[in-house]
Amino acid sequence: MESTRPRLLLVEDDRALTGLLADLLDEEGYAVDVAGDGHTGLHLALSRDYQLMVVDRGLPVLDGLELVARLRARGITCPVLLLTARGALADRVEGLDAGAEDYLVKPFEVAELLARLRALRRRHPETAGWLPLGRRRLDVANRRVLDGPREIPLSAREFAVLHALAGRPTKVFTRAELLSAAFDHADAPGTVDACVHHLRRKLGRDAVRTVHGLGYRLGAE
């Protein structure tokens, strides 16, 4: 469902890299708009609402730093990840001071870029309208799982556990950590096990993985 896909603006003048990233970001679940220069990127950013922006520093027409600075001056607070071939400390500081939230030096691994974007969304919950669950999505605002056109409603406690797991998909949570993250401290640890049981009934056994002797983590589904 398009309304659940966070909109991302990619401003990059390397056409080959733009095509590659746009396809990968689409597969990751983003609705992607692209711009090949800073002026076009500025126009799009001022005319549409975005949840994330990925901006190359070395852009034609309008430099990436200037683009970010102008957006911040206009009151646009959307999180920005800046891409650059410059890795010196002074360059990173300059990018962050211009208003970018994160900085990634080229060449980079795509997996790291995607992880940094997920981290940005977690740090800015107002932009995190959904979180990926393998082939499914967790609709944060409506506390439900979207499986294509199918909607799977969640109870408040089921949502709390799944939201915690999806927010840090590679972390193994102990029962105590999930209890602290998702529930009132008065709840018993067995509450977590009961929620995991119900989530598996709704989403499949692989939705939440048991790591024996440690706890739970997000599964493959």
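The values are calculated or read from the model by the stated rules, or taken from the named source; none is laboratory data. Worth saying up front: this structure is predicted, and the values here are computed from it rather than measured. All Cβ positions, even for glycine, are placed from backbone atoms using ideal geometry, and neighbour counts span all protein chains on display. Calculation scope for accessible area: heavy atoms of the full protein, side chains included, ligands and nucleic acids excluded. Shrake-Rupley method; radii C 1.70, N 1.55, O 1.52, S 1.80 Å.
First select every other residue whose beta carbon is under 12 angstrom from the beta carbon of D13; then total the charges, Lys and Arg +1, Asp and Glu -1. Provide the component values of the computation, followed by the final result.
Values: positive: R15, R57; negative: E12, D14, D37, D56, D63.
So the environment of D13 carries a net charge of -3.
Once you keep just the Cα pairs under 8 angstrom separated by 6 or more residues, what percentage relative contact order results for the chain?
It rounds to 13 percent for the chain.
Within the chain, which whole H helices from DSSP have a Cα span along their axis of at least 18 Å and a mean Kyte-Doolittle hydropathy of 0.5 or more, if any?
Membrane-span-like by this rule: not one helix.
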Whole-Hz ³J(HN,Hα) from phi, Karplus 6.51 cos²θ - 1.76 cosθ + 1.60, for the range 133-148, glycine and proline x | 10, x, 7, 9, 9, 9, 7, 5, 5, 9, 6, 8, 9, 9, 10, x
Cα gyration tensor category, rounded, prolate or oblate, for the range 12-119 with a/c compared to 1.5 = rounded
Rounded percent of accessible protein surface that carbon and sulfur make up, the range 35-110, 1.4 Å probe = 51 percent
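Using only C-alpha atoms and all pairs of different ones, pull out the Kirkwood radius for the chain in Å with one decimal.
Kirkwood hydrodynamic radius for the chain: 18.7 Å.
Taking only protein heavy atoms and a 1.4 Å probe, what accessible area per residue, in Å², does the chain have with all protein chains in place? Walk me through the numbers before you get to the answer.
On the way: 10980 Å² over 221 residues.
About 50 Å² of surface per residue is accessible.
Which order do the peptides 146-155, 72-81, 31-40 take when ranked by the mean count of other beta-carbon atoms within 10 Å per residue, highest first?
Details: 146-155: 13.1, 72-81: 15.9, 31-40: 18.8.
Order by mean packing, descending: 31-40, 72-81, 146-155.
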Quick one: which residues, 5+ away or cross-chain, put their amide H under 5 Å from the amide H of D13? H built at 1.01 Å from N.
-> none
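Which of the three applies to the range 150-220, rounded, prolate or oblate, going by the alpha-carbon gyration tensor with a ≥ b ≥ c and a/c under 1.5 meaning rounded? The partial results should precede the final answer.
On the way: a/c = 1.56, a/b = 1.15, b/c = 1.36.
Oblate, since a/c reaches 1.5 and b/c is not below a/b.
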Roughly how many whole Å is it from the C-alpha centroid of the range 1-71 to that of the range 75-114?
-> 13 Å
Compare F108, F159, F173 in a GNM of the chain, Cα atoms joined below 10 Å, and give the one with the largest fluctuation.
-> F108
Cα-centred dipole magnitude for the chain, charges only on beta-carbon of K, R (+1) and D, E (-1), debye, nearest 20 | 900 debye
